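What follows is one structure encoded as structure tokens, with my remarks underneath.
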Amino acid sequence: MEVIIADNYDEMSKISAEFIAAEIRRKHDLTLGLATGDTPLGMYRELVNLHKREGLDFSKITTFNLDEYVGLDPLHKNSYNYFMNENIFKHVNINQSKVFVPQGNTNDPEIFCEWYENKINDAGGIDLQILGIGRNGHIAFNEPGSSFASRTRVKALYKETIEDNSRFFNSQDDVPRFAISMGIGTILDAKKILLIANGIKKADVCAKFIEGPVTSMITASALQLHSNVTVVLDKDAASQLTRTEYYDWIRNNKHLVQKMIGS
Ligand code: F6R
């Protein structure tokens, strides 16, 4: 796992947007897994800027979102589908027929989840998966205790997730109790993973998933089992890591590392 510590939220957003842009330039028909939430807002703004300023081309990529609330219509203003449209899709030249967000208002979630997994397979699997992290260590809506082998399915949300996400709704009672979420197994199948986190509220959980033991009680710790994970944190989110000197050294001496491995 490579850990990059950015000076602040803006730098975290720029580094992660550049990371994605480099992958799109390298493979025009990239399959990209995407996340919602506060954390990636700056990264999406940077990607829109790269499209407008430098013509970063989204026309051939395919996207799969991690999750969606059960019961919400895709046009509901609190749906993740709406979030994605507002914050990135409608500002870039993406092909809407290649955009997939779980359908929260499906009549048959079980059949839908199977269809979603098949769609990911048909697209050749996810090349790069973007993740945020919840305060309880969840990635997507894989709440503590989720199986590392899990696939896309309906998950009940934990109390702290409902509390955290109530900021977007009129009241806590309005927050849906269930979500369709890619599983940990689905996420670990991605070829590359980029996790971003910022703010002091995420410091404890970032230290736990990066430096602590692998446990289903912090589902992000499953990423230790993946061979190609990059984590970009701002200084606050990195503040409880114990090996920061090492991470800084790697960041400042990338040329030496590259020379050593001959790349
Ligand atoms: C959203 C998602 C969640 C969020 C996490 C952090 O698609 O999968 O796991 O990444 O809850 O949310 P923020 O960024 O709002 O702190």
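The values are calculated or read from the model by the stated rules, or taken from the named source; none is laboratory data. Since the model is a prediction, treat every value here as computed from it, not as a measurement. A quick note on method: Cβ atoms are made from the backbone with ideal geometry, for glycine too, and the neighbour counts reach across all protein chains shown. Ligands, DNA and RNA are stripped out before the accessible areas are found, and what is left, the full protein with its side chains, is counted by its heavy atoms. Shrake-Rupley method; radii C 1.70, N 1.55, O 1.52, S 1.80 Å.
Annotations
- Links that overshoot a 29 Å alpha carbon limit, given the list Lys14/Lys208; Lys77/Lys191; Lys119/Lys254: Lys77/Lys191; Lys119/Lys254
- Residue (of Thr31, Tyr9, Asn85) at the positive-pole extreme of the chain, dipole from beta-carbon charges: Thr31
- Shape of the stretch 108-263, Cα gyration tensor, a/c cut at 1.5: oblate
- Cα-based shape type of the stretch 8-75, given that a ≥ b ≥ c are square roots of the gyration tensor eigenvalues and the cut on a/c is 1.5: oblate
- The calculated FRET efficiency for the pair Arg251 and Lys27, based on their C-beta separation and a Förster distance of 41 Å, comes to about 0.95.
- Proximal charge balance of Trp249 [Cβ under 13 Å; K/R count +1, D/E count -1]: 0
- The chain - mean residue ellipticity at 222 nm from DSSP helices (-39,500 (n - 2.57) per run, n ≥ 4, rounded to 500): -10000 deg cm²/dmol
- In the chain, the portion of solvent-accessible area held by carbon and sulfur atoms comes to 50 percent [1.4 Å probe, whole percent, DNA, RNA and ligands not counted].
- In the context of the full set of protein chains, residues of the chain present 47 Å² of accessible surface per residue (probe radius 1.4 Å, heavy atoms only).
- Centroid-to-centroid separation of the stretch 39-68 and the stretch 209-263 [C-alpha atoms, Å]: 24 Å
- Net length gained if the chain between Glu110 and Arg53 were fully extended (0.36 nm per residue, minus Cα distance): 16.3 nm
- Here the dipole of the chain is about 580 debye; that uses its Cα centre as origin and unit charges on the Cβ of Lys and Arg (positive) and Asp and Glu (negative).
- Taking every alpha-carbon pair under 8 Å whose residues sit at least 6 apart, the stretch 1-85 reaches a relative contact order of 29 percent.
- Considering only alpha-carbon pairs that sit under 8 angstrom and 6 or more positions apart, the relative contact order computed for the chain is 24 percent.
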